[in-house]
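Presented below is the structure to which this report refers.
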């Protein structure tokens, strides 16, 4: 008889305990993740090996998820951003989620509580693209769209206290 293993239930990770140096290091990385370790070390007042050790620890603890690049969509011709609230028709939730995943212009999508099931962000080269993109979703869902005029609070780190 083979024993069937079931995955352990997922629990919220234990929050990492950060000291002031960790906070300085994370803030410096948020400003410019391409800084050499030697420069980060100078900025936080540690040696390069001690800074590298802290980076490894923060990575191992899951505090640092990944190092990435942030693009300016306007430089790529995406002159408009839209926020789309999506409310799937009955029985269409998983199909709508899959459709949204396949549309590359949707750069973020959160599954949320409330009247809508999804809040999505997409980038557009022109307003004419909007109907074309949304037509792929509106077969299975109701949508409500707002065009972004400005971003007074860009994506940032949560408080590190």
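Read-outs throughout are calculated quantities, based only on the coordinates presented, and are distinct from any laboratory measurement. Keep in mind it's a predicted model, so treat the numbers as computed, not measured. Don't worry about glycine lacking a Cβ; one is built from the backbone with ideal geometry, like all the others, and counts go over all protein chains shown.
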Residue list for the stretch 124-153, filter: over 11 Å from residue 103 (Cα atoms), touching a residue at least 12 places away in the same chain (Cβ under 8 Å) and not in a loop (DSSP other than H, G, I, E, B) = 124, 129, 130, 141, 142, 143, 144, 145, 146, 147
Kindly indicate whether any position in the stretch 143-160 is surrounded by fewer than 10 Cβ atoms within 10 Å (Cβ to Cβ), touching a helix residue (DSSP H, G or I) at 6+ places or on another chain (Cβ under 9 Å) and under 30 Å from residue 24 (Cβ atoms).
-> yes
Those residues of the stretch 41-76 that are surrounded by 11 or more Cβ atoms within 10 Å (Cβ to Cβ), outside any loop (DSSP other than H, G, I, E, B) and more than 24 Å from the chain's Cα centre (by Cα) come to a total of 9
Given (1) exposed (fewer than 14 other Cβ atoms within 10 Å of the Cβ); (2) over 17 Å from the mean Cα position of the chain (by Cα); (3) part of a helix (DSSP H, G or I), number of the condition residue 91 does not satisfy | (3)
